[in-house]
Amino acid sequence: MNTNTTTFALPARVLHWLMAVLIVAMLFIGVGMVSSVSERHAWLLAIHKPLGIAILVLAVVRLAVRWRNPPPPLPADLPALQKLAAHASHWLLYALMLAMPLIGWAMLSAGGYPVMLGDSLRLPAIFPASPVAFAVLRHLHGWLAALLYLTFLAHMGAALYHGLIRRDGVLSSMDGRRAATAILPETVDAARETGDAEPGDPA
Ligand code: HEM
Ligand code: HEM
């Protein structure tokens, strides 16, 4: 179990930044793929499929790491609505990390296309062949990609707001530097008892 309550555990941080790079790359590869009619399309698709399946595996590992190492609490003085928005957006990101690859895989299965990881490893179909299901899942994959992109932008904006404006230790809880003391309500209580609390510290 993680006993450090001000930062995410090292495996959680490594997985967060690795997956952030992979997911943003996948969004751009996907858009590049559908806007290309040259031989680059096949080349991008050959990268898109195994990378997407790798994201699915990493997301499962990440949720297991999270279960073993609960994340640090948000700052005690953060308004309830912002806490709710933070938690809801994090769960939406986790849901999309699992849904996007599964829908991509199911879509190709429904279309009767092979899902190859490299030259020889072929994944089994996870959806019965159906042209209608292929069309629905193909649209869903595109719409959820747009939702993932918008959620990522909002998430990044919120992280920068915490790091540059509130400076409350939330950004440093994910980049590995020690969080500001304001993140821990008990630290503030202790400071009050010893008379060290500053004006503006959380009530
Ligand atoms: C996190 C994982 C994934 C992300 C972020 C992602 C993202 C995208 C995006 C942005 C597009 C373009 C959508 C559009 O503009 O309509 C796309 C298309 C596509 N994706 Fe994914 N994808 C992921 C996983 C997968 C997986 C695992 C597979 C298959 C195993 C897959 C198969 C496809 C296919 C076949 C297309 C359409 C290609 C075409 O029409 O030319 N994707 N994806
Ligand atoms: C596609 C890219 C990204 C995805 C999918 C993503 C996903 C997530 C998720 C799911 C969490 C919640 C962790 C948990 O509670 O287990 C999280 C936390 C966090 N992320 Fe990201 N992230 C991305 C990019 C970024 C970027 C670019 C930044 C910084 C500019 C960032 C900064 C943070 C911070 C500071 C936290 C901790 C928030 C807290 O303590 O509540 N993330 N991220």
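Rule-based calculations on the coordinates, nothing more; no lab input. Note that the structure is a prediction, hence the values are computed from the model and not measured. Cβ: placed from backbone, ideal geometry, glycine included. Neighbour counts: every protein chain shown.
Residues being closer than 12 Å to Met100 by Cα, of a type outside the set (S, T, N, Q), more than 10 Å from ligand 2 (Cβ to nearest atom) and in a helix (DSSP H, G or I) are entirely absent from region 35-44. Applying the condition of being of a type in the set (Gly, Ala, Ser) and surrounded by fewer than 18 Cβ atoms within 10 Å (Cβ to Cβ) to region 51-68 and asking which residue is nearest to ligand 1 (Cβ to nearest atom) yields Ala54.
Sub-7 Å Cβ pairs linking a first residue in region 35-56 that is touching a residue at least 24 places away in the same chain (Cβ under 8 Å) to a second residue that is loosely packed, with under 14 Cβ neighbours inside 10 Å and assigned to a loop (DSSP other than H, G, I, E, B), at least 6 apart or interchain, are Pro50/Gly118, ordered by first then second residue.
For region 67-100, a residue qualifies if it is outside any helix (DSSP H, G or I) and without any contact (Cβ under 8 Å) to a residue 60 or more places away in the chain, and exactly one does: Pro79. Would you mention how many residues in region 103-115 are buried (at least 16 other Cβ atoms within 10 Å of the Cβ) and either part of a loop (DSSP other than H, G, I, E, B) or under 15 Å from the mean Cα position of the chain (by Cα) (or both)? Going through region 103-115 one residue at a time, the tally reaches 1. Cβ-Cβ contacts under 9 Å between residues 6 or more apart (or on different chains), taken from a first residue in region 101-117 that is under 21 Å from Leu144 (Cα atoms) to a second residue that is within 8 Å of ligand 1 (Cβ to nearest atom) and in a loop (DSSP other than H, G, I, E, B), are listed as Met107/Tyr113.
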